[in-house]
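S.K.: One structure is given below, represented as structure tokens, and several questions about it will come after.
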Amino acid sequence: IVCAIVFAVSAYVIIDYLSKGHGAEQDVAELRHLPTGHAEGDPDTYANASERYRALFERNGDFVGWLRVRGMDIDYPVTQTPDDPEYYLHRNFEREYSRAGTLFASAIDDITKPSDVTIIYGHKMKNGSMFGTLSKLSDPDFYDEHRYLRFDTLSERRSYLIFAVCKTSVNTGEASEYRYYDYADFADEADFDGFIDEARRRQTFDAGVPVSYGDEIILLSTCEGEDDSGRLIVLGKRIPNEDAPKY
């Protein structure tokens with residue numbers, strides 16, 4: 001009887017978790033197809049895309065951009081709330097409770113400038129939504145086919161080439177912890193080199209992509225493993241839009 005109860009409760013939790021993830025995905029699907037947006041015209045013409053983004057900003061003033069990873073199911077709006085950094089951790093784009101939450105940028109980043117490092121956080125959902133598929137980039141063969149990402153802001157299109165996929169831990173209390181979440185602008189070249197060296201030490205493989213002081217960096221962060229402190233981070237450097245493939 002006890003086993004039957006445990007099984008029933010576990011099944012309910014799993015089904016509830018997956019259904020909420022599916023519901024969150026449906027909510028975002030509606031945003032992807034606004035009348036002025038994603039499904040109309042050439043998606044690689046920013047003039048068309050910017051109309052969609054203006055509509056999204058009018059709908060939610062916390063909207064700062066849209067993230068897409070080429071060839072993966074990562075195609076989501078990004079929010080930012082400097083006064084309440086994790087506001088969208090468990091809220092959807094409409095500010096309603098959602099276990100999947102919404103992708104959100106670090107509160108210390110300046111998206112429009114932009115900061116030297118732009119950090120975007122998202123949940124690793126078991127149904128593959130949000131950053132649920134990000135860990136696939138740890139496979140060098142998969143990476144080779146999915147190494148580009150795009151982050152469109154309200155004012156411009158930004159393309160990036162992924163140069164490192166890393167596994168690390170946070171909230172360890174150790175002096176050696178990689179505090180990537182504290183970065184926005186580098187103090188100098190030595191500060192940049194330290195940031196990159198820490199990433200290189202934790203990368204799952206060498207992608208062979210050089211990075212230089214002055215490169216604009218994007219960093220995607222999600223949970224990794226069973227330990228709440230585990231993190232998977234993906235780092236990319238900004239490249240000219242014409243050097244990136246069409247999506």
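The values are calculated or read from the model by the stated rules, or taken from the named source; none is laboratory data. All of these numbers come straight from a predicted model, not from anything done at the bench. All Cβ positions, even for glycine, are placed from backbone atoms using ideal geometry, and neighbour counts span all protein chains on display. What goes into the accessible areas is simple: the full protein's heavy atoms, side chains included, and nothing from ligands, DNA or RNA. Shrake-Rupley method; radii C 1.70, N 1.55, O 1.52, S 1.80 Å.
S.K.: I'd like to verify a number: residues in segment 69-92 that are under 13 Å from Asp27 (Cβ atoms) and either open to solvent by 70 Å² or more (accessible area, probe 1.4 Å) or polar (S, T, N, Q) (or both), how many?
M.R.: Matching residues across segment 69-92 total 2.
S.K.: Next up: Restricting attention to segment 162-177, report how many residues are among the hydroxyl-bearing types (Ser, Thr, Tyr) and within 17 Å of Thr118 (Cβ to Cβ).
M.R.: 0
S.K.: Mind listing whichever residues of segment 152-162 are at pLDDT 95 or above and either open to solvent by 50 Å² or more (accessible area, probe 1.4 Å) or in contact with a Leu (Cβ under 6 Å, 6 or more places away or on another chain) (or both)?
M.R.: Tyr160
S.K.: Search segment 159-175 for residues that are under 10 Å from Leu219 (Cα atoms) and pair each with any residue that is of a type in the set (S, T, N, Q) and surrounded by 16 or more Cβ atoms within 10 Å (Cβ to Cβ) when their beta-carbon atoms are under 7 Å apart and the residues are at least 6 apart or on different chains.
M.R.: What qualifies is Ala164/Gln203; Val165/Ser138; Val165/Gln203; Val165/Thr204.
S.K.: May I pose another question? Report yes if some residue within segment 132-146 is of a type in the set (S, T, N, Q) and crowded, with 22+ Cβ neighbours inside 10 Å; otherwise report no.
M.R.: no
S.K.: Pro140 versus (1) without any contact (Cβ under 8 Å) to a residue 12 or more places away in the chain; (2) farther than 17 Å from Leu220 by Cβ; (3) in contact with a Phe, Trp or Tyr (Cβ under 9 Å, 6 or more places away or on another chain): which is the lone unmet condition?
M.R.: Going through the list (1) without any contact (Cβ under 8 Å) to a residue 12 or more places away in the chain; (2) farther than 17 Å from Leu220 by Cβ; (3) in contact with a Phe, Trp or Tyr (Cβ under 9 Å, 6 or more places away or on another chain), Pro140 breaks only (1).
S.K.: Related question: Out of Asp73, Asp109, Asp152, Asp83, which single residue is of a type outside the set (A, V, I, L, M, F, W, C) and under 14 Å from Leu220 (Cα atoms)?
M.R.: Exactly one residue qualifies, and that residue is Asp109.
S.K.: Can you report the number of residues in segment 93-117 which are surrounded by fewer than 20 Cβ atoms within 10 Å (Cβ to Cβ) and touching a helix residue (DSSP H, G or I) at 6+ places or on another chain (Cβ under 9 Å)?
M.R.: Residues that pass the stated criteria total 4.
S.K.: Could you tell me which residue of segment 202-243 is most open to solvent (accessible area, probe 1.4 Å), considering only residues that are assigned to a helix (DSSP H, G or I) and in contact (Cβ under 8 Å) with a residue 12 or more places away in the chain?
M.R.: Among those residues, the one meeting the criterion is Asp243.
S.K.: Which of the residues spanning segment 183-201 are open to solvent by 60 Å² or more (accessible area, probe 1.4 Å) and without any contact (Cβ under 8 Å) to a residue 24 or more places away in the chain?
M.R.: Ala187, Asp188, Ala190, Asp193, Asp197, Arg201, listed by residue number.
S.K.: Moving on to the next point. As an exercise: evaluate Ser176 against (1) open to solvent by 60 Å² or more (accessible area, probe 1.4 Å); (2) touching a helix residue (DSSP H, G or I) at 6+ places or on another chain (Cβ under 6 Å); (3) modelled with pLDDT under 95 and give the number of the one condition it does not meet.
M.R.: With (1) open to solvent by 60 Å² or more (accessible area, probe 1.4 Å); (2) touching a helix residue (DSSP H, G or I) at 6+ places or on another chain (Cβ under 6 Å); (3) modelled with pLDDT under 95 applied to Ser176, the lone miss is (2).
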